Amino acid sequence: MDFEYSDKVKGLLERVTAFMDEHIFPVEDKIHEQIAEDPWSTPPLMEELKAKAKAQGLWNFFLPLSYGKYSAGLTNLEYAPLAEAMGKVLWGSEVFNCSAPDTGNMEVLAKYGNEAQKKQWLEPLLAGKIRSAFAMTEPEVASSDATNIETRIERDGDEYVINGRKFFISGACRKQCEIMIVMGKTDPENSNRYLQQSQILVPMNTPGVIKVRPMKVFGYNDAPEGHAEIIFDNVRVPVGNIILGEGKGFEIAQGRLGPGRIHHCMRSVGAAQRALDLMCKRVNERIVFGQPLIKQQSIREDIAKSACQIEQARLMTLKAAQKMDAEGNKAAKELISMIKIVAPSMALDVIDRAIQCHGAVGLSQDTCLGHMFAMQRTLRLADGPDQVHMMQLGRDLAKRYAG
């Protein structure tokens, strides 16, 4: 295993890091001020940053080589350090058009969409002209088992009619969100539970799409993206909006979630690294009981443990990315599950220690730590709860020893 970054990646990482230092870190507060003025719209400053990044060619890093003409030409392993750098700011990846849920939706359209779907939705997403959302989670069922979902997608002539209720639809609150990929059941009576579901494209302005409210996460509304609760009330879309065909929803979901999970983990490593950086700076500056905090043995231990945990997660993420590149996402599923279990919990540990070292200000809006902690906690549920990954991973590992 060789995780040494190539000259190409080193060059890109230097450019992304320089862009973060020059354009992103200095305006974190300004972005939040603009969001407060118009919560559900992309801040003007964000659009300016995106234009600068795009002009510099720092754009769409996430699609791997297998996606052909839509790919930026990077492998998963090459993308990993760039995603880590972007993950140091909650909204950093959006500047480079590498943020969820758009990345997952673009992967779905690039891999499974037909030419008309790619032209209408993938190309404007790749250009950063529009935003998107993915609607799977439902309030009435345990959506960690995707076969439970109850939203109906029924064929009626040249249209599909969609009825159901979804929530925590990340991105759907934003005014610039124009398209959702909705997962529902076209064949609920199929004896194969994994062939009951389909995925379909639903424009946000379709009659019957009713935004109920933005869901909050630990009190944060995560504007401008938000996490919408939406009712689908006899929503009609053309039959051409179905992706890949009826009964392919679970297959598409599995194809989408593998890369999405590792992208989240890459950013988690970046968030943890920034928390450690802030912690080290704080403990060198803060005087407690007549001496800098760094003189305390427990503080030194916290820093050491944090550095060890980050490096462990970083190496596991790189190993999973390399396996995906060499053998495909399916072959890497165990490593993807491992890092999905490890990375968010690791980041929570590190961020918690950083908060403790900052004292009361660590809980406040004066640092990124509180919001970062909330976001990392959601990742223990997003794209599959820890327990589901552990259940499946444990089952598969033990199966090798069955008589």
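If the condition is being over 30 Å from ILE336 (Cβ atoms) and buried (at least 19 other Cβ atoms within 10 Å of the Cβ), then the range 266-324 contributes ARG282, VAL283, LEU293, ILE299.
Filtered by the rule that a residue be among the aliphatic types (A, V, I, L, M), out of contact with any Asp or Glu (no Cβ under 9 Å at 6 or more places or on another chain) and in a helix (DSSP H, G or I), the range 377-400 gives MET390, MET391, ALA398. Looking at the range 62-163, the helices (runs of 4 or more DSSP H) lying wholly inside it that each contain 3 or more residues that are crowded, with 22+ Cβ neighbours inside 10 Å and at pLDDT 95 or above sit at 76-86, 92-95, 102-112. Taking (1) touching a Gly at 6+ places or on another chain (Cβ under 8 Å); (2) surrounded by fewer than 21 Cβ atoms within 10 Å (Cβ to Cβ) in turn, CYS173 satisfies each apart from (2).
Filtered by the rule that a residue be small (Gly, Ala, Ser) and more than 19 Å from PHE96 (Cβ to Cβ), the range 7-48 gives ALA36, SER41.
Remark: GLU229 matches the filter, which requires a residue to be under 19 Å from the mean Cα position of the chain (by Cα) and over 30 Å from ALA85 (Cα atoms).
Table: residues versus (1) aliphatic (A, V, I, L, M); (2) in contact with a Phe, Trp or Tyr (Cβ under 8 Å, 6 or more places away or on another chain); (3) modelled with pLDDT of 95 or more; (4) not assigned by TED's automatic domain parsing to the domain that holds ASP325.
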| residue | (1), (2), (3), (4) |
| --- | --- |
| ARG236 | no, yes, yes, yes |
| ARG261 | no, no, no, no |
| VAL269 | yes, no, yes, no |
| LEU276 | yes, no, yes, no |
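Go through the residues of the range 330-346 one by one and say whether even a single one is buried (at least 21 other Cβ atoms within 10 Å of the Cβ), touching a Phe, Trp or Tyr at 6+ places or on another chain (Cβ under 9 Å) and either part of a helix (DSSP H, G or I) or not assigned by TED's automatic domain parsing to the domain that holds LYS88 (or both). Within the range 330-346 (the criterion being buried (at least 21 other Cβ atoms within 10 Å of the Cβ), touching a Phe, Trp or Tyr at 6+ places or on another chain (Cβ under 9 Å) and either part of a helix (DSSP H, G or I) or not assigned by TED's automatic domain parsing to the domain that holds LYS88 (or both)), the answer is no, since none of the residues qualifies. Pairs meeting the criteria (first residue in the range 391-403 and surrounded by 10 or more Cβ atoms within 10 Å (Cβ to Cβ), second residue part of a helix (DSSP H, G or I), beta carbons under 7 Å, at least 6 apart or on different chains) are GLN392/SER337; LEU393/GLU334; LEU393/SER337; LEU393/MET338; ASP396/GLU334.
Let's see how each residue does on (1) among the charged types (D, E, K, R); (2) in contact with a helix residue (DSSP H, G or I) (Cβ under 9 Å, 6 or more places away or on another chain); (3) under 29 Å from GLY164 (Cα atoms):
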position	(1), (2), (3)
ALA80	no, yes, no
PHE96	no, yes, no
GLY104	no, yes, yes
LYS111	yes, yes, yes
ALA146	no, yes, yes
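The values are calculated or read from the model by the stated rules, or taken from the named source; none is laboratory data. As the structure is a prediction and not an experimental result, all values here were calculated from the model. Heads up, the Cβs are rebuilt from the backbone with ideal geometry, glycines too, and the neighbour counts pull from every protein chain shown.
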